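Undergrad: Below you'll find the structure I mean.
The values are calculated or read from the model by the stated rules, or taken from the named source; none is laboratory data. Fair warning: this is a prediction, and the values are worked out from it, not measured in the lab. Glycine also receives a Cβ, built like all others from the backbone with ideal geometry; neighbour counts cover every protein chain displayed. Surface areas here come from the heavy atoms of the whole protein model, side chains and all, with no ligands, DNA or RNA. Shrake-Rupley method; radii C 1.70, N 1.55, O 1.52, S 1.80 Å.
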Amino acid sequence: LGVAAHPAAPPTPAQRPHVLVIDEINRGNISRIFGELITLLESSKRAGAPEALSATLPLSRRTLSIPPSLYVIGTMNTADRSLTLLDAALRRRFVFRPVWPQPELLPVLDIGGTALDLRKFLYAINGRIERLLGREQVIGHAYLLGLPATLGGVASAVRERILPLLEEYFFDDWNKIREVLADEGKPEEAQFVQRMGSGAEVRYRVNEQAFGHLDAFT
C-alpha cells in the first residue's frame, strides 16, 4: 500500500516537483520522522496557501515551510501487524492507494517443451489465500519475477520464499498450506507437503522431490 501527501495545488512551471519516499513508513516512529512537519504537510498549511504555516528549525533557527511542489510517498505492507501503529494524524494527511499483485507481468516459461505459466500459478495461489485469510495477505508478483527461466529457478522461489511465507501466514497449519498449494489433488510424488498417518498421529513433511516435478507446479 502506498500513501501520499498531496500539495494544495499543482506547482507552477517554475517549481520543479520533488518526491520524498519513506519506505516502510509504518515501522518508524512517526513523531520522530516528521516532527513539526506533520502539521506543515497539510495542503492548507503549505507555503502560498491561505492558512500557510512555518516552523523554526531547532539548530539553525531558520524558518522552514513546505512548498506545494513537494510530494511525500510512504510505502507499507498492509499485512504487517505494525500497521495499527499509524495514528489518526497520519491517516488524515495522506491519501491511501492500494497496490495489488500483477500476475500478468509474469512470464510463461518453456520447460523442456512444456509451458509453465507463472501467471496462472500465482493467480491460483492468491485465490486460495484470499479465500482462507483475506485479500491483504495475497503474494506479490515480485516473488516470481526475474527468476532463471528454469524449473530449478521457480522451485527455489517456491521452496525458499513462498513456502516460508505460507508457514508464517497459517501458523504452521500444514493442512491449510496443502490447500493453498493444491496438494490434496496431486499424486503423492508431486505434493509439496505430504501428509502421513491419521488422527492424532498425522504428520507433515516437505517433499523435496516434488520441487523437481513440473506437474507439481501446474
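Undergrad: Over the alpha-carbon set of the chain, divide Rg by the Kirkwood Rh and report the Rg/Rh ratio to two decimals. Each step should come with its number before you reach the end.
TA: Values: Rg = 23.9 Å, Rh = 20.9 Å.
That ratio equals 1.15.
Undergrad: Any idea what the dipole of segment 136-178 comes to, in debye rounded to 20, about its Cα centre with Lys/Arg Cβ at +1 and Asp/Glu Cβ at -1?
TA: Here the size comes out at about 220 debye.
Undergrad: Putting +1 on Lys and Arg Cβ atoms and -1 on Asp and Glu Cβ atoms, find which of Ser198, Pro148, Pro187 reaches farthest to the positive end of the dipole of the chain.
TA: Selected residue: Pro148.
Undergrad: Output the Cα-based Rg and Dmax of segment 96-206 in Å, rounding Rg to one decimal and Dmax to a whole number.
TA: Cα only, segment 96-206: 14.8, 48 Å (Rg, Dmax).
Undergrad: Can you give me the long-range amide H partners of Tyr71? Hydrogens built in the peptide plane at 1.01 Å from N, cutoff under 5 Å, separation of 5 or more residues or another chain.
TA: Here His18, Val19, Leu20 satisfy the definition.
Undergrad: Once the Cα atoms of helix 118-132 and of the chain are each reduced to a long axis, what angle between those two axes, in degrees from 0 to 90 to the nearest 10, is obtained?
TA: With both axes taken from Cα atoms, the answer is about 80 degrees.
Undergrad: Over all distinct alpha-carbon pairs, what is the Kirkwood Rh of segment 9-76 in angstrom?
TA: Final number for the Kirkwood radius of segment 9-76 is 13.1 Å.
Undergrad: Here is a follow-up. Can you give the relative contact order of segment 27-145 as a percent, counting alpha carbon pairs under 8 Å and 6+ residues apart?
TA: 16
Undergrad: Given a 1.4 angstrom probe, what's the average accessible area per residue across segment 105-153, in square angstrom?
TA: Result: 53 Å² of accessible area for each residue.
Undergrad: What stretch of the chain, leaving out the sites themselves, is the longest with no GluC sites (Glu not before Pro) in a DSSP loop having at most 12 other Cβ atoms within 10 Å?
TA: For GluC sites (Glu not before Pro) (loop position, at most 12 other Cβ atoms within 10 Å), the longest site-free span of the chain is 52-218.
Undergrad: If each DSSP helix of 4+ residues adds -39,500 (n - 2.57) and the sum is divided by the residues in the chain, what number results at 222 nm, nearest 500 deg cm²/dmol?
TA: -6000 deg cm²/dmol
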